[in-house]
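What follows is a single structure, written as structure tokens, with notes after it.
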Amino acid sequence: MECDPQVRTPLMWEVAEPSPPPEAATADTDPRIARFDEHLRAQLGGDADELLKAHPLGARIPQECGLFMTTSFQSSNPCMFQHLPRFYEWFKGIDATFRYEVHKMWLQHLGWRHPGRHWVLKIQEHMYKLPALRSVYPDALFIQPHRDPTTVIASISQLISVIRGPSYDRLDLHALGAEFLQLWWDGVKCCMDYRKAHPDLPIYDMRYKDLVADPVSTIRAAYDHFGWDFTPDSEAGIGGWLRENPAGKHGPRSYTLADYGLTADQVRDRLAEYIETYHAYL
């Protein structure tokens, strides 16, 4: 969606060096773009190759909200990098209105000299704090892609093991699997409970399988749902990104639940309510 000219997303280089604010006139030539890519490779070394298999990285890649929400000290993003059980328990119980006030200031700053028609944003931790999000963004629209949880938990566990690897002499992968199974369920449960209490929430449920099989038509359906204009430039932008980023571009990725001490039955038992509710989308 970021490749739709109508859409604005916070890019990795912009979040890494947000000041002075980015400008539309230098969106492709700002020296911070090259500086970010050089820093990324120097910082991650060989780990970048493994991360790229699981998650896009680069100056012009959209940045998830977690990194700039961390500046509010009310984000769960630090839990991606370290095992922080006491912090995570505190995070679950807070009123996160302040973090969305900070989040909004980030968008105002980044969009001041480079606006777009729509901001498109993404991070899984929004699931935990929908009341606070909507208090700051009452006109927000939501897309929730649904995917088989057994694949999701294996995938996120593998990604986090790569992210955390440089910080630990030895990672207990089984403990990590159990941690993220619980963390994911906590967020999913918060989201489900909020949706039950607010059936008028403007949200579009999307099948991840459809997104993989036919990305353009699937995104077009989401636009149609919200009354957005899906223009020829929208289609061309999305199609261009797909051609430049085919599946497996950075090499094959391998992960199984067993690597993290989990079974499919354990995951299905923990997320049974979610599976029952959204089985049509899985």
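Rule-based calculations on the coordinates, nothing more; no lab input. What you are looking at is a predicted structure, and each value in this text was computed from that prediction instead of being measured. So basically every Cβ, Gly included, is an ideal-geometry build from the backbone, and we count neighbours across all protein chains shown.
List of remarks:
- Under the combined filter of DSSP loop state and at most 11 neighbouring Cβ atoms within 10 Å, segment 109-142 retains these trypsin sites (Lys or Arg not before Pro): 117.
- Between the beta carbons of residue 201 and residue 169, assuming R0 = 51 Å, the FRET efficiency works out to 0.70 to the nearest 0.05.
- Computed with the Debye formula from one identical point scatterer per Cα of segment 1-119, without solvent, the log10 of I(q)/I(0) at q = 0.11, 0.17, 0.18, 0.23 Å⁻¹ comes to -0.43, -0.98, -1.06, -1.35.
- Inter-part distance where segment 98-116 and segment 54-82 are each reduced to a Cα centre, Å: 15 Å
- Per-residue ellipticity at 222 nm computed for the chain from its helices equals -16000 deg cm²/dmol, with DSSP H segments shorter than 4 residues left out and the rest contributing -39,500 (n - 2.57).
- Rel. contact order, % - alpha carbon contacts under 8 angstrom, at least six apart, the chain: 26 percent
- Antiparallel bridge percentage (DSSP; both residues within the chain; nearest 5): 10 percent
- For segment 89-103, putting each phi into the Karplus relation 6.51 cos²θ - 1.76 cosθ + 1.60 with θ = phi - 60° gives couplings of 5, 4, 4, 4, x, 7, 7, 9, 4, 4, 5, 6, 5, 5, 3 Hz, in residue order, rounded to whole numbers and with x for Gly and Pro.
- DSSP-assigned coil residues among chymotrypsin sites (Phe, Trp or Tyr not before Pro) in segment 147-213, each with at most 16 further Cβ atoms within 10 Å: 168
- Loop-located trypsin sites (Lys or Arg not before Pro) across segment 178-282 with a Cβ neighbour count of 12 or fewer within 10 Å are 249, with loop assigned by DSSP.
- Gyration tensor (alpha-carbon) shape descriptor, segment 133-211, a/c threshold 1.5: prolate
- Subtracting the Cα-Cα distance of residue 264 and residue 60 from 0.36 nm times their residue separation leaves 69.8 nm of extension gain.
- A simple rule links phi to the HN-Hα coupling: the Karplus curve 6.51 cos²θ - 1.76 cosθ + 1.60 with θ = phi - 60°, which for segment 268-275 gives 5, 5, 5, 10, 4, 5, 5, 4 Hz, with x for Gly and Pro.
- Estimated distance in nm for a label pair at residue 231 and residue 143, the labels positioned 7 Å out from Cα along Cα-to-Cβ: 1.7 nm
- Across segment 73-88, coupling constants 3J(HN,Hα) worked out from phi with the 6.51/-1.76/1.60 Karplus curve, θ = phi - 60°, read 6, 10, 10, 7, 4, x, 6, 6, 9, 9, 7, 10, x, 5, 5, 5 Hz, and Gly and Pro carry x.
- Highest-MSF residue in the chain out of 42, 236, 96 [GNM, Cα springs under 10 Å]: 42
- Cα-projected label distance for residue 118 with residue 92, points at 7 Å along beta-carbon direction, nm: 3.4 nm
- Distance in nm between pseudo-label sites at residue 105 and residue 41 (7 Å out along the Cβ direction from Cα): 3.6 nm
- Listed values (1) 1, 5, 12, 16, 18, 16, 12, 8, 6, 4, 2, 0, 0; (2) 1, 6, 10, 12, 12, 12, 10, 9, 8, 6, 5, 4, 3, 2, 1, 0, 0, 0; (3) 1, 5, 10, 15, 18, 19, 17, 10, 4, 1, 0, entry calculated as P(r) over Cα pairs in 5 Å bins from 0, in percent: (3)
- Interchain or long-range residues, amide H under 5 Å from residue 205's placed H: 144
- Distance from the Cα centroid of segment 241-270 to that of segment 130-188 is 13 Å (rounded to whole angstrom).
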